[in-house]
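Step one of this worksheet: look at the structure below.
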Amino acid sequence: MDLTFNPSQTLLLGIALMAGLVYVPYLIVAYGRVSIGIDLSAPRAMLDRLPDYAKRATWAHQNSFESFALFTAAALCVFVSDTATERTSLYVLIYLAARTLFTLFYLLDWPWLRSPMWALSMVCIGGLFTASVF
C-alpha cells in the first residue's frame, strides 16, 4: 500500500486537513461554554463571560477561518494552473505545521511565538500564489 502523494494530491489533502484544523480551537471554546453554562438565548453574549483560554480559542478559531480562505484560494490556483511541484507541497506542509503551532501558541498565550507562525503561514500562501503564476 503506497501512501505517498503527488504534489497535486498534497494541495487537495492540505485543503481538507486545514478544513478540519479550523475547528480544533472550537472544541476548546465549546468546553469553555459548557463550564460557564450555555445560554442559548444569547450565545454571542456568552463570549464576554468565557474564561481567558476560551476567549483565545475563539480568536484562534476566527483567525483560522480567515487564513483558510486565503490558503484554499492559493492552493486551488496552483491546482488549476497545473503548477504543483515538490516546492508547493513543501509550502502546504509548512503552512499546516505553522497553523497548528499558531493555534497552540494562541491557546497558551504566547504571542511572541504565535506571531511568527502567522507570518510563516502567510509566506507559504504567498509562495503558493507565486507558484501558480510563474
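Each peptide in 49-55, 125-131 gets a packing score, the mean of other Cβ atoms within 10 Å over its residues, and the list from highest to lowest is 125-131, 49-55. Solvent exposure of the chain, expressed per residue, is 58 Å² of accessible area, with all protein chains present and a 1.4 angstrom probe. The value of relative contact order for region 18-74, using C-alpha pairs under 8 Å at least six residues apart, is 49 percent. The listed residues Tyr23, Tyr95, once ranked by accessible area (1.4 Å probe) with the largest placed first, stand as Tyr23, Tyr95.
Note: relative contact order over the chain, using C-alpha pairs below 8 Å and six or more positions apart, is 32 percent. Phe102 sits among other residues whose Cβ lies under 15 Å from its own Cβ, and their net charge, with Lys and Arg +1 and Asp and Glu -1, is +1. Taking only protein heavy atoms and a 1.4 Å probe, the accessible area of region 37-122 is 67% carbon and sulfur.
Stokes-Einstein diffusion of the chain at 4 °C, 1.567 mPa s viscosity, Kirkwood radius from Cα pairs, rounded to a whole number: 82 µm²/s.
Measuring with a 1.4 angstrom probe and ignoring ligands and nucleic acids, Trp59 comes out at about 120 Å² accessible.
The values are calculated or read from the model by the stated rules, or taken from the named source; none is laboratory data. Bear in mind the structure is a predicted one, so any value in this text is a computation, not a measurement. FYI the Cβ positions are ideal-geometry reconstructions off the backbone, even for glycines, and counts take in every protein chain you see. With ligands, DNA and RNA removed, areas are computed over all heavy atoms of the protein, side chains included. Shrake-Rupley method; radii C 1.70, N 1.55, O 1.52, S 1.80 Å.
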